[in-house]
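Report on one structure; see the data block that follows.
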Amino acid sequence: MASIFTKIVAGEIPSYKIAEDENFYAFLDINPNAKGHTLVIPKREENKIFDLSKEEYDGLMSFSYRVAKALEKAIPCERIGMSVIGLEVPHVHVHLIPINTMADMQFVKKDKLTNDEFKTIAEKIAENFK
Ligand code: 5GP
């Protein structure tokens, strides 16, 4: 069965898209640790990050680098934190999180945002994506 994220890539489930290319897709996490919390995924469904080929892994990291640069420009923060977990959704995803404290990386404190806030944040990050 297709993962939630495959359905997002296919447009069957809506997402606040940041950027995409042929192989990768970036969108806002629906339950963010902090404003701008973004997920970067390979469009090809794979469960665990280290099961990706070296080439696909490198591509995912390069794409994440570009998204992180856009996040730094769009969201005021101390730095961009990066994490890979995958216990909830079995489709490889890199968490990129604009952080100010360690708590922002702990997946406990969540930021409740309105639809308009999600849209505005996604647009601002997307504008800075190069
Ligand atoms: P993990 O698998 O790394 O533990 O966490 C999965 C992440 O995906 C969580 O941060 C969760 O909020 C996010 N997530 C789960 N379902 C959806 C969804 O349908 N849309 C979006 N945008 N994010 C989701």
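Measure off, as a whole percent, the carbon and sulfur share of the 1.4 Å-probe accessible area of segment 4-127, all protein chains present.
Numbers: 3690 of 6990 Å².
Result for segment 4-127: 53 percent of the exposed heavy-atom area is carbon or sulfur.
Counting only other residues whose beta carbon sits under 13 Å from that of K130, what net charge do I get with K and R as +1, D and E as -1? Please list the in-between numbers first.
On the way: positive: R66, K69, K73; negative: D21, E72, E127.
In short, 0.
Rg over Rh for segment 1-40 works out to 0.96, using Cα positions for both radii and the Kirkwood form for Rh.
Using +1 on the beta carbon of Lys and Arg, -1 on that of Asp and Glu, and nothing else charged, what's the dipole of the chain about the Cα centre, debye to 20? The partial results should precede the final answer.
Numbers: 17 positive and 20 negative charges, 63 e Å.
Once rounded to the nearest 20, the dipole reads 300 debye.
Full extension of the chain between E12 and K48 yields a length gain of 10.7 nm, computed as 0.36 nm times the residue separation minus the alpha carbon distance.
Give the relative contact order (percent, whole number) for the chain; include only Cα pairs under 8 Å separated by 6+ residues. Write out the running numbers ahead of the final one.
Values: 225 pairs, mean separation 41.2, N = 130.
Relative contact order here is 32 percent.
With helices as the sole contributors, the chain gives -10000 deg cm²/dmol at 222 nm; each DSSP H run of n ≥ 4 counts as -39500 (n - 2.57), and the sum is divided by every residue.
Report the local net charge at I4: Lys and Arg +1, Asp and Glu -1, summed over other residues whose C-beta lies under 11 Å from its C-beta.
Working: positive: K7; negative: E12, E45, E88.
With Lys, Arg at +1 and Asp, Glu at -1, the net is -2.
Each residue of segment 61-75 was assigned a 3J(HN,Hα) from its phi angle through the Karplus expression (A = 6.51, B = -1.76, C = 1.60, θ = phi - 60°), giving 5, 5, 5, 4, 4, 5, 5, 4, 4, 5, 4, 4, 6, 8, 10 Hz with x at Gly and Pro. Hey, if you drop one equal point scatterer on each alpha-carbon of the chain and run the Debye formula without solvent, what base-10 log of I(q)/I(0) do you get at q = 0.10, 0.16, 0.19, 0.21 Å⁻¹? At q = 0.10, 0.16, 0.19, 0.21 Å⁻¹ the computed log10 ratios are -0.28, -0.74, -1.08, -1.33.
Specify the inter-centroid distance of segment 75-130 and segment 48-65, based on alpha-carbon positions, in whole Å. Each part reduced to its Cα centre gives a spacing of 19 Å. Annotation: per residue accessible area for the chain equals 58 Å², rounded to a whole number [probe 1.4 Å, protein chains only].
The values are calculated or read from the model by the stated rules, or taken from the named source; none is laboratory data. Quick caveat: nothing in here was measured; it's all calculated off a predicted structure. All Cβ positions, even for glycine, are placed from backbone atoms using ideal geometry, and neighbour counts span all protein chains on display. Please note that ligands, DNA and RNA were not included when accessible areas were found on the heavy atoms of the full protein model with its side chains. Shrake-Rupley method; radii C 1.70, N 1.55, O 1.52, S 1.80 Å.
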